[in-house]
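Participant: Take this structure first; my questions come after.
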Amino acid sequence: MTSDAPATDNRPFAIRTYAPAQLREALRRMYLIRRFEEGAEDSYMRGLIHGTMHLSIGQEASAMATCMELTDADKITSTHRGHGHCIAKGADVGRMFAEFFGKETGYCHGRGGSMHIADVRTGNLGANGIVGGGLPIAVGAALTAKRLGRDDVTVCFFGDGANNEGAFHEALNMASVWKLPVIFVCENNGYGMSTAVTRSTAVRHIADRASAYSMPGITVDGNDFSAVAEAVHAAIVRARAGDGPSLVENVTYRWRGHSKSDRNRYRTKEEIEEWMTRDPIARFRSELIAHGILDEAAADAVAAEAMAEVEAGIAFAKSSPAPAIGDVTRYVYAEN
Amino acid sequence: MNAMTETGLRVLSYSEAIREAMAIAMENDPTVILMGEDIGVYGGAFQVTLDLVDRFGPDRVMDTPISELGGAGVAVGAALTGLKPIYEFQFSDFAMLAMEQIVNQAAKLRYMLGGEASVPVVFRLPAGSGTGAAAQHSQSIEAWFGHVPGLKVLQPATPEDAKGMLLSALADPDPVMIFEHKLLYKMKGHVPEGSYLTPIGKALVRRSGTDLTIVAGSIMVHRALEAAERLAAEGISAEVIDLRSIRPIDAETILASVRKTGRLMVVYEGVKAFGVGAEISAMVAESDAFDHLDAPILRLGAADAPVPYNPDLERAAVPQVETIEAAARRLARREV
């Protein structure tokens, strides 16, 4: 971060806070998330990936802006819609594709797939197939940091659906009682599978839940990179200072269905198209260009870099070996 | 506390032995913490943690809110990131509130992440009937967890094993569940000083015999030993095997005994159907030991009912010395 911004600077938070190289890298990773998921979707259609997957296309600003100030020592817990978090935290898309293709070179050696993708070395403790499953785990990771006297923080991503799980309430309460360095980041994309938040949740904003647990709660436009980055920044500062947890709600939208089985019967084409006009990547790109961080050609080059990385990743995955069938029970327990 | 037997060996109660193991572990390893409901100044519902909060402080002997799902999940997250938590369920029955974190998370994380993660958490679970606490505080559900790859499930029957198994569980990189029988907490026996490890997955022949094999776990070991003693007066020689661990299970010791005696009875406190007895019976039936059987296999488990309140009903619901003795006699005389 640069700290030489003038006091009267009224440019967006990200522009006045981060160095141009950081902003360029953030844009690159957002393109990488988009192209990765498009590549995964295409590979799925071609039968190269089995099972299912949950795409976060349209939510890239939430993932990237939240991870902007995290180091490898900082942890995240992710969700079933976790590809973006993984890439934002620094994962290699080749190893991610390899995992999706069920290959031994994948992050989980082909045992986890999309729903359990993790990269422990970059602090990503993993996606989760259980809604709300990561919430208590994130609190545990924050407990470790506090107990060992480290100043790293844990970001706990969860969706709007998880806010009605008991684990959410138990986790927020304990994090607050013990003043743990955890940032609860709700990605509210409007629907828990097909059920609208307005039909499932008694409070207007999920951030309103924070007051029940005596922590700050803020609702921001999750498609506005700077708004997310600023809210998460304040929460990280608070956590690192030992003042405890915060709840940040990023209001966003998934362009694709819940999973591959979704027929979109619970929302209108008009609603989806309206949200597509609020593309977080196009918006961030325009902001960077407007503030002179990049020009159109440089932004195009960033997008092309991401595309090339995705193509190389798919090639790596395709050429990687599958796990040995005889290893089906390997990794159940530690190997001596 | 440091009573001696006539032979000069040091004697501790089962709960003192567990407490000593926890104290040794906490002294030797700063990453070991205790978590649970009312385990601090209250000393735990069964006084197992007694004065540990005075010795190690509330940061390492943590009273949790009444949030079993969240609490177990915090322990899982802490274990995943570098601590070694011992989480005490106040009653094993309450583990049902935390099944998600135990079964979906703790047990599977290593596998889902392809061996890239480790969850060295220990769950302590006071179990069993005989206290008049009725259906929701008296169950024996250890077999449920025997069905879950990734977990280790122990049932110490003596103070010596209670200490050694807890120290082994802490040294183990995978999640371990220790079912402690509530009626054994006050039982006294020889406990070696200092640190020692009781091997996980190794059964123990507590009494040698030639006419039949009785495999039992936890408090049933003592009942089986008493029944064997009574039968010896009639000239019936029963071998009693203390199972100690139901996952992993020690097939070798059991099969060797059945090959020798030709008769098998399994005694356990869980409901008879789909229990430990079914697993062991099938294991024998699937092995060469089957050819050595001279009589059908007998299972003695709990009645097909919740644990009742009335003391006579409660007693009748689970195997007692008399029922074990009678069944063993029938088996030895081939009256089954």
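Here, each number is a calculation from the coordinates, and none is a lab measurement. Computed from a predicted model, the values in this text were never measured in an experiment. Here the Cβ positions follow ideal geometry from the backbone for every residue, glycine too, while neighbour counts run over all protein chains shown.
Participant: Can you give me the angle between helix B:321-332 and the longest principal axis of chain B, using Cα atoms only, in degrees from 0 to 90, rounded to the nearest 10?
Facilitator: With rounding to tens, the tilt is 40 degrees.
Participant: Another question about this same structure. In whole Hz and in residue order, list the ³J(HN,Hα) couplings for segment B:107-122 that follow from phi through the Karplus curve 6.51 cos²θ - 1.76 cosθ + 1.60, θ = phi - 60°; x for Gly and Pro.
Facilitator: In residue order, the calculated couplings are 5, 9, 4, 4, 5, 4, 9, x, x, 8, 9, 9, 10, x, 9, 10 Hz.
Participant: As a test of understanding, state the convex hull volume per residue of chain A from its alpha carbons, in Å³. Please list the in-between numbers first.
Facilitator: Working: hull volume 49.4 nm³, N = 336.
With only Cα atoms used, chain A gives 147 Å³ per residue.
Participant: Binning at 20 angstrom from zero up to the longest distance, how are the C-alpha pair distances of chain B distributed in percent?
Facilitator: Per 20 Å bin, starting at 0, the Cα pair percentages come out as 32, 57, 11.
Participant: With both bridge residues required to lie in chain B, what share of the DSSP beta bridges run antiparallel, to the nearest 5%? Walk me through the numbers on the way to the answer.
Facilitator: Numbers: 10 of 43 bridges.
Beta bridges within chain B, antiparallel portion: roughly 25 percent.
Participant: Where a Cα-Cα gap under 19 Å defines reach, which lysines qualify for A:Lys75, not counting those fewer than 8 residues away within the same chain?
Facilitator: Within reach: A:Lys89, A:Lys146, A:Lys179, B:Lys84.
Participant: Something else about it: Which order do the peptides B:242-249, B:297-304, A:195-202 come out in when sorted by mean C-beta neighbours inside 10 angstrom, highest first?
Facilitator: B:242-249, B:297-304, A:195-202
Participant: Okay, moving on. Which value, to two decimals, describes the C-alpha radius of gyration of segment A:185-336 once divided by 2.2 N^0.38 Å?
Facilitator: Details: Rg = 20.9 Å, N = 152, 2.2 N^0.38 = 14.8 Å.
With N residues counted in segment A:185-336, Rg over 2.2 N^0.38 Å equals 1.41.
Participant: I would also like to ask the following. Pull up the cross-link candidates among the lysines for B:Lys188, meaning alpha carbon to alpha carbon under 19 Å and not fewer than 8 places away within one chain.
Facilitator: Partners within reach: B:Lys163.
Participant: Once you keep just the Cα pairs under 8 angstrom separated by 6 or more residues, what percentage relative contact order results for chain A? Write down the numbers at each step before the final one.
Facilitator: Values: 638 pairs, mean separation 77.0, N = 336.
Relative contact order, chain A: 23 percent.
Participant: Residues with beta-carbon under 12 Å from that of B:Leu109, excluding B:Leu109: net charge, scoring Lys, Arg +1 and Asp, Glu -1?
Facilitator: On the way: positive: A:Arg111, B:Lys108, B:Arg110; negative: B:Glu116, B:Asp174.
The answer is +1.
Participant: Shifting gears a bit: What percent of all Cα-Cα pairs in the protein assembly as shown falls into each 10 Å bin, going from 0 up to the bin containing the maximum distance?
Facilitator: 3, 15, 22, 22, 16, 11, 7, 3, 1, 0
Participant: Can you pull a Stokes-Einstein diffusion coefficient for segment B:8-190 at 4 °C (1.567 mPa s), Rh from Kirkwood over Cα pairs, as a whole number of µm²/s? It would help to have the intermediate numbers written out before the result.
Facilitator: Working: Rh = 16.2 Å.
For the chosen part, D equals 80 µm²/s.
Participant: Here's another thing I want to ask about it. Quick one: what Rg and Dmax do you get for segment A:67-175 from the alpha carbons, in Å?
Facilitator: For segment A:67-175, the Cα-based Rg and Dmax read 13.8, 40 Å.
Participant: What's the angle, to the nearest 10 degrees (0 to 90), between helix B:68-80's Cα axis and the longest principal axis of chain B?
Facilitator: Rounded to the nearest ten degrees, it is 80.
Participant: Next question, about the same structure. Could you run the Karplus curve 6.51 cos²θ - 1.76 cosθ + 1.60 with θ = phi - 60° over segment B:85-98 and give me ³J(HN,Hα) per residue in whole Hz, x for Gly and Pro?
Facilitator: Result, ordered by residue: x, 10, 9, 9, 7, 4, 9, 4, 4, 6, 4, 5, 6, 10 Hz.
Participant: Let me have the 222 nm mean residue ellipticity of the protein assembly as shown computed from DSSP H runs of 4+ only, each contributing -39500 (n - 2.57), with the sum over all residues rounded to the nearest 500. Mind dumping the intermediate values first?
Facilitator: Working: 23 runs with 251 residues, N = 672.
About -11500 deg cm²/dmol.
Participant: How much length is gained on full extension from A:Asp208 to A:Ala315, taking 0.36 nm per residue of separation minus their Cα-Cα distance?
Facilitator: Numbers: separation 107, 0.36 × 107 = 38.52 nm, distance 4.55 nm.
Result: 34.0 nm gained on full extension.
Participant: From the C-alpha gyration tensor of segment B:129-188, pull out the three semi-axes of the equivalent ellipsoid (sqrt of 5λ each), sorted largest to smallest, in whole Å.
Facilitator: Whole-Å semi-axes of the equivalent ellipsoid: 22, 17, 7.
Participant: Additional query: Which far-off residues, 5 or more places away or on another chain, put their amide H under 5 Å from the one on B:Arg206, with H placed in the peptide plane?
Facilitator: For B:Arg206, the qualifying residues are B:Val240, B:Ile241, B:Asp242.
Participant: Hey, another quick one. Please determine, in degrees from 0 to 90 and to the nearest 10, the orientation of helix B:219-232 with respect to the longest principal axis defined by the Cα atoms of chain B, where the helix direction is its Cα long axis.
Facilitator: 20
Participant: If you look at just the Cα atoms of segment B:253-295, how large are its Rg and its Dmax in Å?
Facilitator: For segment B:253-295, the Cα radius of gyration and maximum Cα-Cα distance read 10.3, 28 Å.
Participant: What value does segment B:204-332 have for Rg/Rh, both radii from Cα atoms and Rh as Kirkwood defines it?
Facilitator: Details: Rg = 13.8 Å, Rh = 14.4 Å.
We get a ratio of 0.95 for segment B:204-332.
Participant: Hey, can you grab everything whose amide H is under 5 Å from the amide H of B:Gly36? Only 5+ residues off in sequence or another chain; H modelled, so Pro and N-termini drop out.
Facilitator: Correct list: B:Met62, B:Thr64, B:Glu88.
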